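K.L.:
So that we are looking at the same thing, I have put the structure below in structure tokens.
The values are calculated or read from the model by the stated rules, or taken from the named source; none is laboratory data. Only a predicted model underlies this, so the values are computations on that prediction, with no experimental measurement involved. Virtual Cβ from ideal backbone geometry, glycine too; neighbours counted across all protein chains shown. Accessible surface areas use protein heavy atoms only, side chains included; no ligands, DNA or RNA. Shrake-Rupley method; radii C 1.70, N 1.55, O 1.52, S 1.80 Å.
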Amino acid sequence: CLSPSQHATATTLSRQVVPPQTLSTKDTVTMAAPAPPTTQEILILYGSQTGNSESAAHELSSLLPTKLPPSKLAEYDGPPHLALASRVLSLDDFLEVERAKWPRIVVIVTSSYGVGQAPLGARKFREWCDVVLERYGYLPEGGDDPNDERGRRYKSLNEKEKILKGVKFALLGLGDSHYSTFFRNPTVIEEALTTVGAERIGELGKADASGTGEMEQAKVIERWMEGIWKDLAKAVAEDYKGKNGQMGHALELERAREESWKLCLEIFPQWKPTNYWAMVGVSLPASAVVIGILVHLFFYGGKL
């Protein structure tokens, strides 16, 4: 039991406030670095008339986790913690549903149909590519740039016009050399993407439905797939080298998405979001008039 004086001393001590600890001018504050990403998505996009390109796209997606595990990326000085994931979409859905949200790396598998046209699932994407080439690619007659091997003349673009700078793509094309327009659709897609700054990864795959022996279409597809894994691993690893590399890529990809979607809305105005509240504002007065007429008919027996 405490005496009155001891109790008063204890009460005083318990009420003392200990001042917070302050940093001296010599102290430094170290901010924790943001955690590195643990997953990266690769989109696998296809256009397919008979189903062959779509099947190849899904096969690539199913093989990706085992072909490109973190240990494989580490062989090329990539981050050992990174796991790759993939999704399979049609080229048209990538534009319309995903709103052209470009990832760092895409793999495209597509064929030609008819006289060099796009197959199912790639027709809007092909139209987008055609507009890209008309706007940014081919020079009119009398241009000053040298001809390429196909006799076309190309514009010299400034950095602002390279709307897909920062995007990398691998391309496997399917077709049939019995047709004079063999490989036309994959060719247009490659030209359009590279014209506006995208960078192709690996070999351009050309799988001919009329091929024989070692050039049979299925064998060409298989060899292309086996060769593309190394190219994809190198491309992923390179993205994580250098200071602020990921931040720079993020800015490039956001611009690629914005400019690509802006072009989509020019070509396909029906994709513009509907202004719901504007529609409500227009319909409410009309609804009020109809309701008023119905009420009048109910109470006055149709005598207007």
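K.L.:
Determine which single condition K168 fails, assuming it passes every other condition in (1) open to solvent by 10 Å² or more (accessible area, probe 1.4 Å); (2) closer than 16 Å to S53 by Cβ; (3) out of contact with any Ser or Thr (no Cβ under 6 Å at 6 or more places or on another chain).
P.N.:
Checking K168 against (1) open to solvent by 10 Å² or more (accessible area, probe 1.4 Å); (2) closer than 16 Å to S53 by Cβ; (3) out of contact with any Ser or Thr (no Cβ under 6 Å at 6 or more places or on another chain), the one that fails is (2).
K.L.:
From the list D92, D77, pick out the single residue that is of a type in the set (D, E, K, R) and farther than 23 Å from K230 by Cβ. Working first, answer last.
P.N.:
On the way: D77 fails: farther than 23 Å from K230 by Cβ.
Unique residue meeting the criteria: D92.
K.L.:
Please specify each residue of segment 77-96 satisfying the condition of being open to solvent by 60 Å² or more (accessible area, probe 1.4 Å) and over 24 Å from E252 (Cβ atoms). So that I can check it myself, show each step before the final result.
P.N.:
Step one: list which residues in segment 77-96 are open to solvent by 60 Å² or more (accessible area, probe 1.4 Å), which gives 77, 80-81, 87, 93, 96.
Scanning segment 77-96 gives a single hit, P80.
K.L.:
So E203 fits all but one of (1) within 15 Å of S260 (Cβ to Cβ); (2) modelled with pLDDT of 95 or more; (3) not aliphatic (A, V, I, L, M); what number is the exception?
P.N.:
Of everything listed in (1) within 15 Å of S260 (Cβ to Cβ); (2) modelled with pLDDT of 95 or more; (3) not aliphatic (A, V, I, L, M), E203 misses just condition (1).
K.L.:
While we're here: Based on this model, can you work out whether Y138 counts as at pLDDT below 95, among the hydroxyl-bearing types (S, T, Y) and over 20 Å from A170 (Cα atoms)?
P.N.:
Numbers: at pLDDT below 95: yes; among the hydroxyl-bearing types (S, T, Y): yes; over 20 Å from A170 (Cα atoms): yes.
Yes: the conditions hold for Y138.
K.L.:
Inside segment 52-71, can you point out the residues that are among the small types (G, A, S) and under 18 Å from the mean Cα position of the chain (by Cα)?
P.N.:
Here is the first cut: in segment 52-71, the residues among the small types (G, A, S) are 53, 55-57, 61-62, 71.
The answer is A57, S61.
K.L.:
Also, I was wondering about something else. Restricting attention to segment 39-48, does a residue exist that is at pLDDT 95 or above, farther than 22 Å from K168 by Cβ and either in contact with a Lys or Arg (Cβ under 7 Å, 6 or more places away or on another chain) or open to solvent by less than 80 Å² (accessible area, probe 1.4 Å) (or both)?
P.N.:
yes
K.L.:
If I filter segment 205-243 down to residues being open to solvent by 30 Å² or more (accessible area, probe 1.4 Å) and assigned to a loop (DSSP other than H, G, I, E, B), which single residue comes out as nearest to E41 (Cα to Cα)?
P.N.:
Out of the qualifying residues, it is Y240.
K.L.:
Mind listing just one residue for me: the one in segment 53-76 that is open to solvent by 10 Å² or more (accessible area, probe 1.4 Å) and not in a helix (DSSP H, G or I) and, of those, nearest to A207 (Cα to Cα)? Steps first, please.
P.N.:
As a first pass, look at segment 53-76 and keep what is open to solvent by 10 Å² or more (accessible area, probe 1.4 Å): 54-55, 58-59, 61-63, 65-67, 69-72, 74-76.
Cutting the leftovers down to not in a helix (DSSP H, G or I) gives us 69, 75-76.
Numbers: P69: 27, E75: 30, Y76: 29 Å.
Among those residues, the one meeting the criterion is P69.
K.L.:
Kindly establish whether R99 is over 16 Å from S260 (Cβ atoms), of a type outside the set (A, V, I, L, M), open to solvent by 70 Å² or more (accessible area, probe 1.4 Å) and modelled with pLDDT of 95 or more.
P.N.:
Taking the combined requirement at face value, the residue does not satisfy it.
K.L.:
Let me ask something else. Residues that are more than 30 Å from P80 (Cα to Cα) and modelled with pLDDT under 95: does segment 243-260 have at least one?
P.N.:
Initial filter on segment 243-260 (more than 30 Å from P80 (Cα to Cα)): 258-260.
From the residues that got through so far, the ones that are modelled with pLDDT under 95 too are none.
Looking through segment 243-260, none of the residues is more than 30 Å from P80 (Cα to Cα) and modelled with pLDDT under 95.
K.L.:
Return yes when G173 is in contact with a Pro (Cβ under 8 Å, 6 or more places away or on another chain), open to solvent by less than 30 Å² (accessible area, probe 1.4 Å) and not in a helix (DSSP H, G or I) and no when it is not. Write out each step before concluding.
P.N.:
Values: in contact with a Pro (Cβ under 8 Å, 6 or more places away or on another chain): yes; open to solvent by less than 30 Å² (accessible area, probe 1.4 Å): yes; not in a helix (DSSP H, G or I): yes.
Yes.
K.L.:
Turning to a different aspect of this structure: Tell me, which residue of segment 176-204 that is open to solvent by 40 Å² or more (accessible area, probe 1.4 Å) and part of a helix (DSSP H, G or I) is nearest to L133 (Cα to Cα)?
P.N.:
T194
K.L.:
Now for a different question. Among what's in segment 156-170 and is among the charged types (D, E, K, R) and outside any loop (DSSP other than H, G, I, E, B), pick the residue that is farthest from R257 (Cα to Cα).
P.N.:
Quick first cut of segment 156-170, residues among the charged types (D, E, K, R) only: 159-162, 165, 168.
Next, from what is left, pick out any that are outside any loop (DSSP other than H, G, I, E, B): 159-161, 168.
Values: E159: 16, K160: 14, E161: 14, K168: 14 Å.
Of everything passing the filter in segment 156-170, E159 is farthest from R257 (Cα to Cα).
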